[in-house]
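The values are calculated or read from the model by the stated rules, or taken from the named source; none is laboratory data. These numbers come from a predicted model, not from an experiment. Note that we place each Cβ from the backbone using ideal geometry, even for glycine, and neighbour counts take in every protein chain shown. Side chains are part of the model used for accessible areas, which takes the heavy atoms of the whole protein and leaves out ligands, DNA and RNA. Shrake-Rupley method; radii C 1.70, N 1.55, O 1.52, S 1.80 Å.
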Amino acid sequence: MAKNVDADNVWLMMVAAMGTELLHGEVARDFPDYLRDESRKVGRAQSIAFPCHEEEIREALEQAAAAGWPVTVQGGRTGITGGAVPDGGLILNLSRMNRVLGLRRASDSGAYLLTVQPGVVLKELRMALARREVDTAAWSPEALAAWRSFRTDREYFFPPDPTETSATIGGMVACNASGACSYRYGPTRAHVEALRVVLVDGDGLALRRGRERAQGRAFRVTTLSGRVLSGRLPAYRLPAVKNAAGLFVADDMDLLDLFIGSEGILGVIVEVELRLTPLPAVRCGLMAFFPTLSAALAFVHRVRGAGGAPSGPGTEGPAAMEFFDARALELLRTRQAEAGGTGDIPAPPPGEHTAVYVEYHGTAPAVEAGVAAAAEALSACGGSEEATWLADHDRELERLKDFRHAVPETVNTVIDRRRRQVPGLTKLGTDMAVPDAHLDAVVAMYQGDLETAGLEYVMFGHIGDNHLHVNILPRTLAEYERGRALYLRWARRVVELGGTVSAEHGIGKFKTGLLREMYGAGGIEAMRAVKRVFDPQGLLNRGNMFEP
């Protein structure tokens, strides 16, 4: 009589018999880092694959399907919502698909369009564009001709700027990543011209902006094998704010945008064509300090003007607007004191309460006019001109950006220390945004509720988009539960105000309940229906956006 073995062992025996080295077992022993991401959540998996090209992705998906395994697609694992954390099955890590595949010029606009694999790392792409150094050995003659033109042209860059520059391009597309300068340039979606996607059954899609479009809320798309997939987009309306919550939908929408920000639940992105942007001639940053929170908010309103956020890259106005409350500044002062005053960031001036960072991009006259307007607003709002920092060179700008990035880094350090004493403790970080008219009200809500609850916190983030991160720093599990209750209360109020529960980090596995608050049970079911069109068994990135 045959010995009973479980399905996972049977499959691993089959893989061994096939002689393939694509799948690796013993993940917890040999690849423990791939069971977690920056959320600090730790998952489990039976196997992991590191494909180097598209055919290996198909092979891995076929093997996972035969075993009945769910598949978690990973890039740089820099997300903080648990989206890259596996819940069993196969990890499909795309970090080795990291080649730049070619360059072309758009026939209509002359823009440079760069095709990359999903594992290309953001900071490495930035460096390659700045140095104009790319491995072109396998490029076509047409791509080489475009590259020669690019190398002698003005400088170009890829504008999305998430805090973590070790993010991969595939992950940025999957989560529609943004960052400080998305205030001017928009999120990743605004810079993607085409995608190549492998579906869970091994078939694929080639999507190009302006080519595949929905008809109202109905959609049809033809796969690479000639199959037609069709369905209906959810009926909900997206909030009129910076938003990364749920599937992107709109009447007559470009179907390319359905996959951008879909958090890997529809297909595996294997190629991305990016539209590059001319580097601005001049960049200048101004860090303004204020004696009160109300003075800082008044400054924000004056600098933004009546029109709110700029309408796009061709407009004048700030490229970024960032905020630091009193507790964020005090956190950085403590960090500098612990470093003996020789830390890697400038210390906030003593006595200053709140800060706002504004960055301008453009021609020299436009940037000078912007900085002059900001200086005038600073004076009118009671800011400190003596303490204001001005950066007009790349190195100085990087130091001010390091100052901004130091806040979440220091928060994570504080929480890691506390977790050693209270295992299971994590920070609670909000990612919500509201329309312009409700900025002051939502800041007052955050501050009032936190003071009443007696919770330690810092508040910082992208105030130009009314998108602030409130990081609650619990000391005990009881404080953690009080913080979670506040988070849910705030989410409900933000949705009532026409805002979003996630402006940039996405939903992942941590915020599925908040997404339900935003779109209701009907909206969630409509998203599930779209997923079933492309992934009938629900195997891809199971648990992201909504529960399995």
Quick one: in the range 241-279, of everything that is free of Cβ contacts under 8 Å to residues at least 60 places away in the same chain and in contact with a helix residue (DSSP H, G or I) (Cβ under 9 Å, 6 or more places away or on another chain), which residue is surrounded by the fewest Cβ atoms within 10 Å (Cβ to Cβ)? ALA250
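Give ASP392, ASP402 a once-over and let me know the one that is within 23 Å of THR165 (Cβ to Cβ), touching a strand residue (DSSP E or B) at 6+ places or on another chain (Cβ under 6 Å) and open to solvent by 60 Å² or more (accessible area, probe 1.4 Å).
The match here is ASP392.
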Looking at the range 424-436, I want the residues that are over 21 Å from ARG482 (Cα atoms) and have a partner that is acidic (Asp, Glu) with Cβ atoms under 7 Å, at least 6 apart or on another chain. Which pairs are those? ALA433/ASP465
Checking ASN471, ASN544 in turn, the sole residue that is closer than 30 Å to VAL73 by Cβ, at pLDDT 95 or above, touching a helix residue (DSSP H, G or I) at 6+ places or on another chain (Cβ under 6 Å) and of a type in the set (S, T, N, Q) turns out to be ASN471
Among what's in the range 96-121 and is open to solvent by less than 40 Å² (accessible area, probe 1.4 Å) and not hydrophobic (A, V, I, L, M, F, W, C), pick the residue that is modelled with the lowest pLDDT. GLY110
For GLU352, are the conditions met, namely being surrounded by fewer than 17 Cβ atoms within 10 Å (Cβ to Cβ) and modelled with pLDDT under 95? no
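Filtering the range 32-67 down to residues that are among the charged types (D, E, K, R) and closer than 30 Å to ASN412 by Cβ, which residue is most open to solvent (accessible area, probe 1.4 Å)?
Taking the range 32-67 as the starting set, the residues that turn out to be among the charged types (D, E, K, R) are 33, 36-38, 40-41, 44, 54-56, 58-59, 62.
Filter again for closer than 30 Å to ASN412 by Cβ, leaving 33, 36-38, 40-41, 44.
Numbers: ASP33: 77, ARG36: 89, ASP37: 12, GLU38: 87, ARG40: 84, LYS41: 76, ARG44: 130 Å².
Looking at the filtered set, the residue picked out is ARG44.
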Of the criteria (1) crowded, with 21+ Cβ neighbours inside 10 Å; (2) at pLDDT 95 or above, which one SER230 fails: (1)
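Based on what the data block shows, is THR223 over 25 Å from ALA65 (Cβ atoms) and either in contact (Cβ under 8 Å) with a residue 12 or more places away in the chain or open to solvent by 20 Å² or more (accessible area, probe 1.4 Å) (or both)? Quick ask: steps written out before the conclusion?
Numbers: over 25 Å from ALA65 (Cβ atoms): no; either in contact (Cβ under 8 Å) with a residue 12 or more places away in the chain or open to solvent by 20 Å² or more (accessible area, probe 1.4 Å) (or both): yes.
No.
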Quick one: which residue in GLY520, GLY498 is at positive phi and in a loop (DSSP other than H, G, I, E, B)? GLY498
Considering only the range 427-435, I want to know if a residue exists there that is among the β-branched types (Val, Ile, Thr) and over 23 Å from the mean Cα position of the chain (by Cα). no
